[in-house]
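The values are calculated or read from the model by the stated rules, or taken from the named source; none is laboratory data. If you're wondering where the values come from, they're calculated on a predicted model, not measured in any experiment. As a convention, Cβ positions derive from the backbone with ideal geometry for all residues, glycine included, and neighbour counts pool all protein chains shown.
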């Protein structure tokens, strides 16, 4: 898989993958984001925190972008939207969150995909690209992700991207209004790049 990254202070960071590209969201993305999230609402609700009443409002999106920018500037998190290269259509989103430095050098992943783009391998490709960014650009050692035990597609994404199951966390996250158990997965840099010296 070929990956190209164009980091620049003047141009937005972009991760180019075979069928997709990842870049930070901008204000002009609001209408397409709101449309995709809106039409995918019932599809996404079982796997996400409760949506506020104004979840898709332009003002809420702007607050979201401000939070993303602050996280990026403080090296706490890096959020990307996922676009299809063939037509520049928004497919979903992926976040590198809870970046921990010092002796940990790790982060957590979260992601979502629009209903019409589900089960086409897009998220596995996007997770691969985000892992490359985490290991190469952020110099992290470990990436973690969690999913509900009943979320078979998400487990498949993580396993296909090389993550290993590490255990069950009881009542780990509040999803759809309830504290729910999650399966914990992780990927180490040396497993992503097996030829790297351990």
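Taking (1) crowded, with 17+ Cβ neighbours inside 10 Å; (2) over 22 Å from residue 29 (Cβ atoms) in turn, residue 150 satisfies each apart from (1). In the set 104, 169, only one residue is in contact (Cβ under 8 Å) with a residue 12 or more places away in the chain, under 24 Å from residue 75 (Cα atoms) and surrounded by fewer than 14 Cβ atoms within 10 Å (Cβ to Cβ); that residue is 104. I'm checking my understanding of the structure. Among residues of region 127-146 that are closer than 19 Å to residue 164 by Cβ and in contact (Cβ under 8 Å) with a residue 60 or more places away in the chain, which one is surrounded by the most Cβ atoms within 10 Å (Cβ to Cβ)? Only one residue fits best here, namely 130.
Scoring residue 136 on the criteria (1) out of contact with any helix residue (DSSP H, G or I) (no Cβ under 7 Å at 6 or more places or on another chain); (2) part of a loop (DSSP other than H, G, I, E, B) leaves a single failure, condition (2).
As a summary of the residue check, residue 84 satisfies the conditions (1) surrounded by fewer than 17 Cβ atoms within 10 Å (Cβ to Cβ); (2) at pLDDT 95 or above; (3) out of contact with any helix residue (DSSP H, G or I) (no Cβ under 9 Å at 6 or more places or on another chain) except for the one numbered (3). The sole residue among 56, 65 that is surrounded by 14 or more Cβ atoms within 10 Å (Cβ to Cβ) and without any contact (Cβ under 8 Å) to a residue 40 or more places away in the chain is 56.
When region 160-184 is filtered for residues that are out of contact with any helix residue (DSSP H, G or I) (no Cβ under 9 Å at 6 or more places or on another chain) and not in a strand (DSSP E or B), only 177 remains.
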